[in-house]
Structures are given as structure tokens and as C-alpha cells.
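Take a look at the structure set out below.
The values are calculated or read from the model by the stated rules, or taken from the named source; none is laboratory data. These figures come from a predicted structure and were not determined experimentally. Note: ideal-geometry Cβ built from the backbone for every residue, glycine included; neighbour counts use all protein chains shown. Side chains are part of the model used for accessible areas, which takes the heavy atoms of the whole protein and leaves out ligands, DNA and RNA. Shrake-Rupley method; radii C 1.70, N 1.55, O 1.52, S 1.80 Å.
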Amino acid sequence: MEETVEQKIVDALVALLQGVDSIVTATDGRVTPYDVTEMPAASVFTPKSESENAGALQMDHDLAASIVLYVADRTAQRAIRSLTAEVYAALGAAENDPSGPLGLPQVITINDPAKAVKCIQQGDFIGSAQIALTITYRTARWAI
Amino acid sequence: MDFAADSRLFLADSPHRAVVGFESVPVLYDAPFRQAEVHEGQVETSAPACTMADSDVAALVVIHGTRLSILKGDALVGDFEVIGKEPDDMGLTRLILTKDP
């Protein structure tokens, strides 16, 4: 299977999230449910990408990346804010990696952070934050 | 038996009891599995609840935020907080619970 820059970006994000002290489980686009023993958890999704030519031989891609965080906590709203701050701090550090943002020379910028929070309370009080990012990277034409 | 006249009959053979403070009353307890979709992913949880006689709800002053323990026989099932009250207007109230760790 061909290694793509997009996959390297997702792998770098998963590694970044796994390095956040409070996160127990970090995964690439997991759709099977988390149970409370796996939380705080984080999953990376890449729902959309837009590309345009960068000269005759290359393409720039704006990859929409979504980091979804889950906590099971009596103070879920407080916990999810704190966890989001930890993830933002890790992204801030990764943005300044001397090898390139996320440690990848193909990555140009990490931009447009947006946060959406949802909480539900049933047997457990679950808090979730969706952190949306736009990651711009460059490849050869028709590569991703 | 006149169930309509005395809803407590539904609770008579229940193995579960709710303890509120120092008082204990019979309840019907269950905690079915729930899978919740949140953003792009899913999480597993449960939906614990117990059904209590209206007269016990009133006597024990069970309101939103009341903390109670559920016992099965002498064994502790768990500690909970009441987050919902659903009276059936027939003498029983279903109390929606969340875990109280």
C-alpha cells in the first residue's frame, strides 16, 4: 500500500495526541465505539480535501482534519476544555517543528482551528470536543 | 389483586432496593446498554434507571440531584444521582440515574 502524505499527516496527529498526558487512547478515524475505560480518547478524521495546482508539477492540498476528543467525567465540560487546551498546546509545539509542521517537510501550515463541544449525560457524563483544522501540504501533481 | 389501586404490588418481588440517606425502599432497577453518536465517533454507556412508588418518592423527598445507592440483596450495585423523574400517573415514578463515582 502506497504511503501518502495525507496518511503521514494523520499518523503524526495520532502520535501527537498519544503524547498528550491526559489522553489514554488515540486512533486514526476509529468508528467503533469507545468505552469509558479507553477515555480520555481522541480520534482523527479527514472528511474533506481541496487541491489546486502549485505550478506545473505540484499541487497544494487543504486537508480538513477533525480531531474528536472524548472524556467520561463528572465535570465533563470542564474536563473537555482542559483537554482541548492541552491539544492546542501540542499543536502549537508541532507547528514550530524545525522539520516542518508536524515534523513533515511537505506540510506548509496548520490553520483555522475551530472547536465544537457536545456533552451527553446518561449512565456516564460524556464530554466531546471536535477540533477542526485545515492542514495545507504540497505534493507532486495527483499525489495526496 | 388490584394493581391499579396499589402500584406497590409491582415492586413486591423486586430484588433491588434504593437507599436514600438511612432509608431503604424497593425499586425495579435496570441499566440497559446505550451507544451514543457524538461528532464523527461513538461512545458506549448505559442508561440506569429505577422505578419507585410515588409515595416513597415523596416520603424520601427524591428530587433532581438526590444521591442514592442501589442494592441487590445485600450487594451494592452502584451509587447514583437522580437526573430525571418520570411519573406515570399510576402511582409509580421512573427515576433516571447517572453514575455517582
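Annotation: of all residues in the range B:20-38 being in contact with a Leu (Cβ under 9 Å, 6 or more places away or on another chain) and part of a loop (DSSP other than H, G, I, E, B), the one that is most open to solvent (accessible area, probe 1.4 Å) is B:Gly21.
Kindly provide the set of residues from the range A:1-10 that are open to solvent by less than 70 Å² (accessible area, probe 1.4 Å) and either under 16 Å from A:Thr84 (Cα atoms) or not in a loop (DSSP other than H, G, I, E, B) (or both), ordered by number. Listed by number, the residues that qualify are A:Val5, A:Glu6, A:Gln7, A:Ile9, A:Val10.
Within 14 Å of another protein chain (Cβ to nearest Cβ) and crowded, with 18+ Cβ neighbours inside 10 Å: does that describe B:Ala49? Yes: the conditions hold for B:Ala49. Here A:Thr32 meets the list (1) away from chain B (no Cβ under 13 Å); (2) loosely packed, with under 15 Cβ neighbours inside 10 Å almost entirely, failing just condition (1). For the range A:36-73, what are the residues that are closer than 26 Å to B:Thr98 by Cβ and open to solvent by 50 Å² or more (accessible area, probe 1.4 Å)? Listed by number, the residues that qualify are A:Val36, A:Thr37, A:Asp73.
For the range A:117-129, filtered to residues that are open to solvent by 30 Å² or more (accessible area, probe 1.4 Å) and among the aliphatic types (A, V, I, L, M), the residue that is nearest to the other protein chains (Cβ to nearest Cβ) is A:Ile120.
Here's the yes/no breakdown for (1) within 14 Å of chain A (Cβ to nearest Cβ); (2) more than 22 Å from A:Gly123 (Cα to Cα); (3) in contact (Cβ under 8 Å) with a residue 12 or more places away in the chain; (4) open to solvent by 70 Å² or more (accessible area, probe 1.4 Å):
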| position | (1), (2), (3), (4) |
| --- | --- |
| B:Ala18 | no, no, yes, no |
| B:Leu60 | no, yes, yes, no |
| B:His64 | yes, no, yes, yes |
| B:Leu68 | no, no, yes, no |
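Condition check ((1) within 30 Å of A:Thr75 (Cβ to Cβ); (2) surrounded by fewer than 15 Cβ atoms within 10 Å (Cβ to Cβ); (3) away from chain B (no Cβ under 14 Å); (4) touching a residue at least 24 places away in the same chain (Cβ under 8 Å)) across all residues:
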| position | (1), (2), (3), (4) |
| --- | --- |
| A:Pro98 | no, yes, yes, no |
| A:Pro101 | no, no, yes, yes |
| A:Lys115 | yes, no, no, yes |
| A:Ile131 | yes, no, no, yes |
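Please work out which one of (1) over 24 Å from A:Thr4 (Cα atoms); (2) within 19 Å of the chain's Cα centre (by Cα); (3) charged (D, E, K, R) is the condition A:Asp73 fails and give its number. All conditions pass for A:Asp73, except number (2).
Inside the range A:25-41, can you point out the residues that are farther than 19 Å from A:Leu91 by Cβ and β-branched (Val, Ile, Thr)?
Those that are farther than 19 Å from A:Leu91 by Cβ and β-branched (Val, Ile, Thr): A:Val31, A:Thr32, A:Val36, A:Thr37.
Here the range A:133-142 is the region considered, the condition is being surrounded by fewer than 19 Cβ atoms within 10 Å (Cβ to Cβ) and not aliphatic (A, V, I, L, M), and the residue that is farthest from the other protein chains (Cβ to nearest Cβ) is A:Arg141. The residues listed here are B:Asp79, B:Asp6; of these, the one that is among the charged types (D, E, K, R), surrounded by fewer than 17 Cβ atoms within 10 Å (Cβ to Cβ) and more than 14 Å from chain A (Cβ to nearest Cβ) is B:Asp6.
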